[in-house]
Amino acid sequence: GAGVSQTPSNKVTEKGKYVELRCDPISGHTALYWYRQSLGQGPEFLIYFQGTGAADDSGLPNDRFFAVRPEGSVSTLKIQRTERGDSAVYLCASSLVAGAGYEQYFGPGTRLTVT
Amino acid sequence: AQSVTQPDIHITVSEGASLELRCNYSYGATPYLFWYVQSPGQGLQLLLKYFSGDTLVQGIKGFEAEFKRSQSSFNLRKPSVHWSDAAEYFCAVWRSSNTGKLIFGQGTTLQVKP
């Protein structure tokens, strides 16, 4: 079956621009997670959704970052006024429901480069 | 604060040799523990997980890991490494009180010599 997909796979933008990163979870998965992976580091939690609502957004670094999941399926991570420090791979994962007993399936990521 | 430490940033082993990747966590209670593998251009794939019970857990691709509470460790092992095992490996922890958040170590890059 289809896994988690993320678009675009690569995004290059100029400092100060706005970007949107999209995640399509596995069909039927109600929980969706966003992580950020900087070079040489492990993934860092940003936010997760259970259904349409953000259940935990404690990892969002500041108010330039925002994520939505309006219909409980596809999610978009939005970054305003991008900075060079935002350059990283943004990973999306989904699971049947939120909880440690449910495996998170990861997408291939979107590599964001801010010039 | 809860954390996961992978002391080895980079490890090189010969094909056919045994492998052990180290992972230490800091958390008062027994957390849920995971090992993921990330190959170039691929998403993270779950190798194995420990929740409770038998402290030696078996995973996919011939990997196993042992939970040692006294050492706060969850080391990953494989008796005989294959060239295709070259990848980056991440240990992660999930507290029972956090239903969504995985906390990852910084990763260990495995290089396999022919």
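The values are calculated or read from the model by the stated rules, or taken from the named source; none is laboratory data. Please read these numbers as outputs of a predicted model, since none were measured by experiment. Heads up, the Cβs are rebuilt from the backbone with ideal geometry, glycines too, and the neighbour counts pull from every protein chain shown. Only protein heavy atoms, including side chains, enter the accessible area calculation; ligands, DNA and RNA are left aside. Shrake-Rupley method; radii C 1.70, N 1.55, O 1.52, S 1.80 Å.
The residues of the stretch A:2-21 that are within 14 Å of another protein chain (Cβ to nearest Cβ) and part of a loop (DSSP other than H, G, I, E, B), listed by number, are A:Ala2, A:Gly3, A:Val4, A:Ser9.
Determine which member of the set A:Gly40, A:Gly16 is open to solvent by 20 Å² or more (accessible area, probe 1.4 Å), on the phi > 0 side of the Ramachandran plot and either at pLDDT 95 or above or in contact with a helix residue (DSSP H, G or I) (Cβ under 9 Å, 6 or more places away or on another chain) (or both).
Numbers: A:Gly40 fails: either at pLDDT 95 or above or in contact with a helix residue (DSSP H, G or I) (Cβ under 9 Å, 6 or more places away or on another chain) (or both).
From the options A:Gly40, A:Gly16, the qualifying one is A:Gly16.
Only one of the numbered conditions (1) of a type outside the set (Lys, Arg); (2) open to solvent by less than 50 Å² (accessible area, probe 1.4 Å); (3) within 14 Å of chain A (Cβ to nearest Cβ) is violated by B:Val13, and that is (3).
Scanning the stretch B:26-52 for residues that are open to solvent by less than 60 Å² (accessible area, probe 1.4 Å) and more than 13 Å from every other protein chain (Cβ to nearest Cβ) yields a count of 1.
So that you can scan it fast, the table gives a plain yes or no per residue for (1) touching a helix residue (DSSP H, G or I) at 6+ places or on another chain (Cβ under 9 Å); (2) assigned to a loop (DSSP other than H, G, I, E, B); (3) modelled with pLDDT of 95 or more; (4) at positive phi:
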position: A:Cys23; (1), (2), (3), (4): no, no, yes, no
position: A:Ile26; (1), (2), (3), (4): no, yes, yes, no
position: A:Trp34; (1), (2), (3), (4): no, no, yes, no
position: A:Phe45; (1), (2), (3), (4): no, no, no, no
position: A:Gly59; (1), (2), (3), (4): no, yes, no, no
position: A:Gly72; (1), (2), (3), (4): no, yes, no, yes
position: A:Leu77; (1), (2), (3), (4): no, no, yes, no
position: A:Ser94; (1), (2), (3), (4): no, no, yes, no
position: A:Arg111; (1), (2), (3), (4): no, no, yes, no
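Just one of the numbered conditions (1) touching a residue at least 60 places away in the same chain (Cβ under 8 Å); (2) over 9 Å from the mean Cα position of the chain (by Cα) is not true of A:Tyr90: (2).
Evaluated against (1) at pLDDT 95 or above; (2) within 14 Å of chain B (Cβ to nearest Cβ), A:Thr82 falls short on exactly one condition, (2).
Annotation note: of A:Gln80, A:Gln104, the sole residue that is within 13 Å of A:Ala31 (Cβ to Cβ) and out of contact with any Pro (no Cβ under 9 Å at 6 or more places or on another chain) is A:Gln104.
Restricting the first member to the stretch A:62-84 and to residues that are within 16 Å of A:Lys11 (Cα to Cα), and the second to residues that are of a type in the set (Phe, Trp, Tyr), the beta-carbon pairs closer than 6 Å and six or more apart or on different chains are A:Leu77/A:Trp34; A:Lys78/A:Phe66; A:Ile79/A:Phe65; A:Gln80/A:Tyr18. Here B:Leu33, B:Leu21 are screened, and the one residue that is among the hydrophobic types (A, V, I, L, M, F, W, C) and modelled with pLDDT of 95 or more is B:Leu21.
Of all residues in the stretch B:53-85, those that are surrounded by 18 or more Cβ atoms within 10 Å (Cβ to Cβ) and over 14 Å from the mean Cα position of the chain (by Cα) total 1.
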